[in-house]
Each structure stands twice: as C-alpha cells, then as structure tokens.
Amino acid sequence: MKGMLHVQFLKFFLSRLAVFIMVVFIGVTTVFFIPRLMPSNPVEGMVSQLQANSSLMDPAAVAKLREVLTQNFGLNGTLFEQYFGFIKRVVFTQDFGPSLSMYPTPVSKLIGTALPWSLGLLLTTTLLAWLIGNAIGLLAGFRKDKTYSRILEGIAITLYPIPYYIFALVLVIFFAYILPVFPLTTIVVGKGLSLQHIVSIIYNSFLPAISMILIGTGWWVLSMKAITTGIAEEDYVVFARLKGLSERKIMTKYVLRNATLPQVTMLSLQLGTIFSGAIVTEILFSYPGVGTLIYNAILQSDYNLILGTITVSILAVSTATFLIDLLYPFLDPRIRYK
Amino acid sequence: MKNWNLQLKIGVFILAIFLIFGVILPLFYTGNPIEWGKFPKNLKPSSAHIFGTTNLGQDTFWVLLKSIQNSFFIGLLVAFFATLIGVLLGMLSGFRGGILDRVITLIMDTFIVIPSLPILILLAGLLKGRASVLSISLVLIIFNWPWPARQVRAMALTLRERDFIDTALFSGESTFKIITREIFPFVTSWSLANFINTILVAIRTESGLAVIGMSSNEQATLGTMIYWAIQHQAMMAGRWWWIGSPVVAITLIFISLFLILSGSQQYSALRRGK
C-alpha cells in the first residue's frame, strides 16, 4: 500500500513538473522570439536615438557603438546560437546585461531592488484576500438564509467583476486627489529595520494593497460560498447534526476542512491573473515594483530590462504555482493525487 | 421571463442599455468621434455636449459610445472564438483520450499557468501602442481558449462512459459526429456561461493594457479613453466627466455581465428542480 502511494505521488509530481518545465520553456521562448520577429531593430533604434541627441558623431564611434550594442543585446551569431545563449543566461546566470536607460547598472540589480516590493505586496494581499474571502464565504454559505449572508454576497458580487486597476483609479481619485491622505508616488523614508522605515513602507503600499485585497476577496467569497453550500447538504453534515454536534463544530471541523482543499487548487490557478492585476495596479500607483519596472523599460525602449523583467515574472509566477500545487497532496488526508 | 431571478433581470437590463447605447446609437453618428479639435476644448456638460468635451476637443459622449462599441467588439470576438476552440478541443481531448489527450492537457495547463499580461505588454510595447484591435483580439484568443477546454474535457471524460456513446460508437459514427451531436448538447449551457465570462475577461484584459497605453491608442476603447484622460491630467484639472464616464461605464458593464452569469446559473439550477 505504501509503495502504491509513492508511485502515485511520483506520477503526480512528474505531471506537475512537466507543466512547470513547459511553462518556463514556452514563456522564455516567447520572450526570446517576440522582439526578434518585430520589424524594428533595437540596435539601430538605439544608434539613431543617440545620434539624434548628439548631432556630431564619428562614423568609427558609431560602428563601435553598433558592435557593443549587438554584443549587449546578445544578437551575435545565428538565431540558434542566440537562442541557446539566451536560455543559458536565463537558467544559469540570470544575467541580462546592463540596463540601457540606467547604464551601467546591471538589469539583475534593478530587478533585485524591485522584487521585494512586488513580492511583499503580492504575498500580503493574496494571502489576506484568500483568508478574509474564504472566512466570509464559509459563513455566507453555511448560514445562507441569514440576512447578513445575502448582504455580504451582494457586496462580493458587486466588487468581484471590477478590475483591480479601475478600483485603484477610484481610490487614487478619492484618497490622493480629493482627500490627499495617501501619497501619489512612493517616497520611502528611513532605512533597515527601523520603525520609521516600516511605517513608511506600509503607508506607501496602503492604497495599492487595499485595492488588491478588496477585489481579490470578492472572488474567494463567491467561490467559497458555492462550495460550502454544496458541502452543507452532504449526508455526513446531516449526520453530524443528528449526532448533536454544535453548529460551530460542524462548520469548522466538517465543512471548513473539505471546502478549503479546492480553494488551494483555485489559488494556484488564479495566481497568474492576480499577478497580471498587480502589474497594472503598480503602474497606476507608481509603486516601485517589477510592474513599474516593466512599464518604464518599455517606455524607454530598454531592451535588456524588458527581457529581464518579463522573464523573471514568468519564472516567479510559474514557480509559485508549482509550489502551491505540490502542497496540495499534503493538505488532503484522503490522498488523491490526480 | 417568469422564472427569472432578480440578478438576471438587473444584469440583462443594464447590459441591454449599454448594447443600445454602444452598438446601435453610434450608427447614427456620421464622422469620426475620436477626431481631435472638432469642438472647443474642456467644455463642461451642457445640452449641446451632454458629457462635455475633452482636452483634445472631442465630444465625450460620442467618444464614450464609440469606445463601448469597440470594447464590446473585442469582447464578443474573443469570447466567440476562444469558447469555440476551447469547447471543441476539450471535447476531442476528453473523448479520444490517450496521447492526444495528454498533449492537449499539457498545452492547456501551460497556457493557464503562464502569466499572459507580461507577454501581452511585451508584444504591445514593441508595437508602441499601434497594435490593431484585431491583433490584440487574436492574442487574447490564444490565452483564453484553455479555460473552457479544461472544463469541457472533464465533462467529456464522464460522458464517454455513458451507454449512448457506446451505442453511437458501435453503430459506426465518426468522432466528429459523436462530439457535435452526442456530447455537445450536454455542454451547451456551460459553454454559454463561459462565453459570457470570456467577454468579461477579454474586455478586462484589453482595457487593462489600454489604461497603461499598451493597446491601440489610436482606437477608441474604454481603456484607451481612460488612458488619454490620465495622460491629459483630467483628474488634476477636475474634468470628472472625461475620466468618470468610462470608469462608470466599464464598472457597470462588468457588474451586469457578472450578474447575468451568476443569475443564469441559479436559473438553470431552478429549472433542474433543485
């Protein structure tokens, strides 16, 4: 029996791993080929931009510039060589060369500064939205005939379909223009683990975080309510009630445990969508995360930075999804690997 | 109409208003509503321009209608093809099984996990905001077919075990006929729900791109309208009609679509006698 379980787990693990590798492969390949299929040549673009800024340029210097840029963009050799060079850099060294708009800061360093901001915002808001949403959904589904359940569901139905960025925009209009309580751009004061620094980070992240939590919560309330309503009609819940267990115990021990499982799978499926919402939210709030970095990179045609940020986001989201998926069998006592 | 619940009624009512305003009314407008400098700039709402004019000298009301029209066009186009491709592949995958099923499953799981927005931003960024509405729709179709495919595959898997499929197989029906005649009727109501949901997702993704100037800036969609309003400091200057009208419109459209979606689910549950 034990051996069987191992085989089943291995099968589950391998199928997830295959998806993970495919995601990384397709993602990185797409990121590699899209710019190369574009009609505009990044090297010529940069050269003409520089020539426009400084009218007199030595032809020899231009030729040298062209050579250096081609080298920097990884455009030397055949397409095949370029592709493997790119894969090698992405997988092993994470070296995307220097940023061109903030020359000569390496792209990896810029991403390193932005990543904690994005991860902090994403992790906190996703977790909070998941917890709050599931708690409300559980209550609303378990006691679906109460008035407060209807009201909570009504609020969730109104909030869920609104995209993050629209909600973010409304928050900006209210709390940064009409009532200037929160900042429009991020200015952090203090350093390290000081109270001032932490307060400043929370203060600056507050509006983007609130918009992401409120909208995220709506989805979890709705899905949790649907699941809970179904479970509350199951025979074992009826039996528990006949046995004389308290409602509270039935809700936490019987319904909650069974309803949480599909919500974990759902979380791993929703991660990409949540991340996409976060990018736009970051840009609207000029929040110093990866989303804003991607945006600035595109505005300034910073080729290396574009490739770097987008590759890193694809890697980050697919790794997180993979990890949540692996967590699932450990949460399910019935051990059903599928 | 008798069994319609409140959600369905409100949803259909709001959507019908927007369809009339966005699809039918623009047909009566001659000329191009997004042309710059046609009217005096920044007029407040009045009887001549009910939503005022923009900083670019356009009549806000007609820009809004044109935007609603284009956004619906993208939504409907993407929803139709994504649902069609997804449902067909899902049925095929679930019904045939074997290697074909594994390959399709792997591809759709991959597309579900991959974060689409960074790739869309990359594409749009390199096109510098000059992507056409059609090319944006095409990319959205590529990223949206796997969701229905996944669900329909699961439904087809259980249907395959039913007796009537065996009967059809033994009487020598072709795969295509079994899928379209025997399996499809069971997934129609779900496909319809998915169709509505994909309209919502497509409009949401396109306007998300557009708000940050990564869609087709020269076309009027609800997202690009917000983009231009932000670019021209409509908020700072207190030109609420310019920024406010697309925000309110998009919010109401999304809420109405979602109400129809959840209302129709309750409606069909009622019809099944639950």
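State yes or no: is A:Tyr295 aromatic (Phe, Trp, Tyr) and within 20 Å of A:Leu169 (Cα to Cα)?
Criteria met by A:Tyr295.
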Determine whether the range A:320-329 contains at least one residue that is under 23 Å from A:Ala168 (Cβ atoms), assigned to a helix (DSSP H, G or I) and of a type in the set (D, E, K, R).
-> no
Can you tell me which residue among A:Val62, A:Val68, A:Val28 is surrounded by fewer than 16 Cβ atoms within 10 Å (Cβ to Cβ), touching a helix residue (DSSP H, G or I) at 6+ places or on another chain (Cβ under 8 Å), in a helix (DSSP H, G or I) and at pLDDT 75 or above?
-> A:Val62
Quick one: B:Pro146 ticks every box in (1) surrounded by fewer than 17 Cβ atoms within 10 Å (Cβ to Cβ); (2) at pLDDT 85 or above bar one, so which box is it?
-> (1)
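If you take the residues of the range A:210-259 that are among the aromatic types (Phe, Trp, Tyr) and surrounded by fewer than 19 Cβ atoms within 10 Å (Cβ to Cβ), which of them is farthest from the chain's Cα centre (by Cα)?
Checked the range A:210-259; the qualifying residue farthest from the chain's Cα centre (by Cα) is A:Phe239.
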Only one residue in A:Leu121, A:Leu110 is part of a helix (DSSP H, G or I), of a type in the set (A, V, I, L, M) and under 29 Å from A:Thr265 (Cβ atoms). Which one?
-> A:Leu121
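So which residues in the range A:92-107 are under 20 Å from the mean Cα position of the chain (by Cα) and in a helix (DSSP H, G or I)?
A:Val107
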Return yes or no: is B:Arg130 more than 8 Å from chain A (Cβ to nearest Cβ), surrounded by 18 or more Cβ atoms within 10 Å (Cβ to Cβ) and in contact (Cβ under 8 Å) with a residue 12 or more places away in the chain?
-> no
Given (1) more than 7 Å from chain A (Cβ to nearest Cβ); (2) surrounded by 20 or more Cβ atoms within 10 Å (Cβ to Cβ), number of the condition B:Leu123 does not satisfy = (1)
If we take the range A:144-254, then helices (runs of 4 or more DSSP H) inside it with 1 or more residues that are in contact (Cβ under 8 Å) with a residue 60 or more places away in the chain and within 14 Å of another protein chain (Cβ to nearest Cβ) are A:147-159, A:164-172, A:195-232
For the subset of the range A:261-289 comprising residues that are surrounded by fewer than 22 Cβ atoms within 10 Å (Cβ to Cβ) and farther than 20 Å from A:Thr321 by Cα, which member is nearest to the other protein chains (Cβ to nearest Cβ)?
-> A:Ser286
Restricted to the range A:284-327, and to residues that are β-branched (Val, Ile, Thr) and free of Cβ contacts under 8 Å to residues at least 24 places away in the same chain, which residue is farthest from A:Pro35 (Cα to Cα)?
-> A:Ile294
Starting from the range B:230-254, take each residue that is at the interface with chain A (Cβ under 10 Å from one of its Cβ atoms) and list its partners that are assigned to a helix (DSSP H, G or I) and at pLDDT below 80, counting only C-beta distances under 6 angstrom and pairs at least six apart or across chains.
-> B:Met235/A:Ile173; B:Met235/A:Tyr177
Unmet requirement for A:Thr292, which otherwise passes all of (1) within 11 Å of another protein chain (Cβ to nearest Cβ); (2) part of a loop (DSSP other than H, G, I, E, B); (3) modelled with pLDDT of 80 or more = (2)
From B:Ala229, B:Ala237, B:Ala249, B:Ala202, residue being over 14 Å from the mean Cα position of the chain (by Cα), buried (at least 23 other Cβ atoms within 10 Å of the Cβ) and either more than 30 Å from B:Val87 (Cα to Cα) or aliphatic (A, V, I, L, M) (or both) | B:Ala229
Only one of (1) in contact (Cβ under 8 Å) with a residue 60 or more places away in the chain; (2) closer than 24 Å to B:Val23 by Cα; (3) within 11 Å of chain A (Cβ to nearest Cβ) fails for B:Thr198. Which number is that?
-> (3)
Reported set for the range B:173-232 where residues are closer than 21 Å to A:Val172 by Cα and outside any helix (DSSP H, G or I) is B:Ile212, B:Gly213, B:Met214, B:His232
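Take B:Leu43 and decide whether it is away from chain A (no Cβ under 14 Å), over 22 Å from B:Gln151 (Cβ atoms) and touching a helix residue (DSSP H, G or I) at 6+ places or on another chain (Cβ under 8 Å).
no
The values are calculated or read from the model by the stated rules, or taken from the named source; none is laboratory data. The shown structure was predicted, so the numbers you read here are calculated from the model rather than taken from an experiment. Quick reminder, even Gly has a Cβ in these numbers, built from the backbone with ideal geometry, and neighbours come from all protein chains shown.
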